[in-house]
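Encoded as structure tokens, the structure appears first; notes follow it.
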Amino acid sequence: GDSIFGNYRDTSEDDKSISKMIAEQTDSICYNVGFGGCRMATHSNYWDAFSMHSLADSIVSSDWTLQEKALADGAQTLPAYFSETINCLKEINWNEIDYITIAYGTNDYSGNVFLHGTEHSFTNEWDSFKGALKYSIRTIQNAYPDIQIVIITPMWRFFINDGNYSHSSDDPESVNTRGYLLTEYVSACFEIAEELQIPCIDTYYTLGINQSNYLNYFNSYDGTHPNTNGRLLRANVISNALLDFERTKK
């Protein structure tokens, strides 16, 4: 995932991560391996080493050279906790993992990433959002077919102008420079999940966050990162879905 997961380091109740909340609610071991500012698809400079398509390659190969080099070369640019997160990834025994949740999209949207590979002449499959999502899932599935991969959609967000609420990701004026709304990246998650026959957890519409109640779930100055209540709401939805998956297995 991105900063909505990774930026919270569990140093206090106000800093509790969604991953920690899920672990508590599901009585499971849950690793927070989110990287703030990162995308599903191709990113620029050092950041691309922590995009999901790059992480998928490293998970399968157990070769973290790309990330280690990015950490060394981009030390002044990348968040300090990236090193800790990479060390966590290195230590995971993937044969013991039950679920991998993939939660990207808001940075692909704000970074104006193409949705479909058919819209542009790409060098790599992972240069588009849907292409990178499919590539990441298939790469991991081929190596670890027993891991259940679950897509988590982006969540609602809002935008600020001159310090005040301006509009939300529901509104037409939130379209990015490629002509996409965030909700189109949400739809792309469902489309890939259906195509690859894996679960997709909706954390855009089912959370019920909107212009009328957003201050219950966000601080007024940050329309991207939910406050503790917002993270708990998202964790509740994810946890309930994962528990339902487990009950279905039994």
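Can you tell me the dipole magnitude for the chain around its Cα centre, using point charges on the Cβ only (Lys, Arg +1; Asp, Glu -1), in Debye to the nearest 20?
160
Would you mind classifying the chain by shape? Square roots of the alpha carbon gyration tensor eigenvalues, ordered a ≥ b ≥ c; an a/c under 1.5 is rounded, otherwise it is prolate if a/b is larger than b/c and oblate if not. If you can, show how the numbers build up before the last one.
Working: a/c = 1.27, a/b = 1.14, b/c = 1.12.
Cα axes put the chain in the rounded bin.
Placing +1 on the Cβ of each Lys and Arg and -1 on the Cβ of each Asp and Glu in segment 1-106, which of Gln76, Ile4, Ser19 has its Cα farthest towards the positive end of the resulting dipole?
Farthest along the dipole direction, towards plus: Gln76.
On the protein heavy atoms, probe 1.4 angstrom, tell me the percent of accessible surface of the chain carried by carbon and sulfur.
Working: 5250 of 11820 Å².
Percent of accessible area from carbon and sulfur atoms in the chain: 44.
Loop only by DSSP, 12 or fewer other Cβ within 10 Å of the Cβ. Give me the GluC sites (Glu not before Pro) in segment 175-250 that pass, ordered by residue number.
Numbers: sites: Glu184, Glu191, Glu194, Glu195, Glu246; in loops: none.
Passing both the DSSP loop test and the Cβ count: no residue.
For His167, which sequence-distant residues (separation of 5 or more, or a different chain) have an amide H within less than 5 Å of its own amide H, given hydrogens modelled in the peptide plane?
Phe159
Note down the magnitude of the dipole of segment 31-113 about its Cα centre, charges +1 on Lys and Arg C-beta and -1 on Asp and Glu C-beta and zero elsewhere, to the nearest 20 debye.
Working: 3 positive and 10 negative charges, 43 e Å.
Roughly 200 debye for segment 31-113.
By DSSP, what percent of the beta bridges with both residues in the chain are antiparallel, rounded to the nearest 5? Kindly include the intermediate steps, with their values, before the conclusion.
Values: 5 of 11 bridges.
Around 45 percent of the beta bridges assigned by DSSP in the chain are antiparallel ones.
Mean residue ellipticity at 222 nm from the helices of the chain, using -39,500 (n - 2.57) per DSSP H segment of n ≥ 4 over the full residue count, to the nearest 500 deg cm²/dmol?
Values: 9 runs with 100 residues, N = 250.
So the calculated ellipticity at 222 nm is -12000 deg cm²/dmol.
Excluding residues fewer than 8 places away in the same chain, name every one of the lysines whose C-alpha is closer than 30 Å to that of Lys69.
Lys16, Lys20, Lys90, Lys130, Lys134
The values are calculated or read from the model by the stated rules, or taken from the named source; none is laboratory data. Note that the structure is a prediction, hence the values are computed from the model and not measured. Virtual Cβ from ideal backbone geometry, glycine too; neighbours counted across all protein chains shown. What goes into the accessible areas is simple: the full protein's heavy atoms, side chains included, and nothing from ligands, DNA or RNA. Shrake-Rupley method; radii C 1.70, N 1.55, O 1.52, S 1.80 Å.
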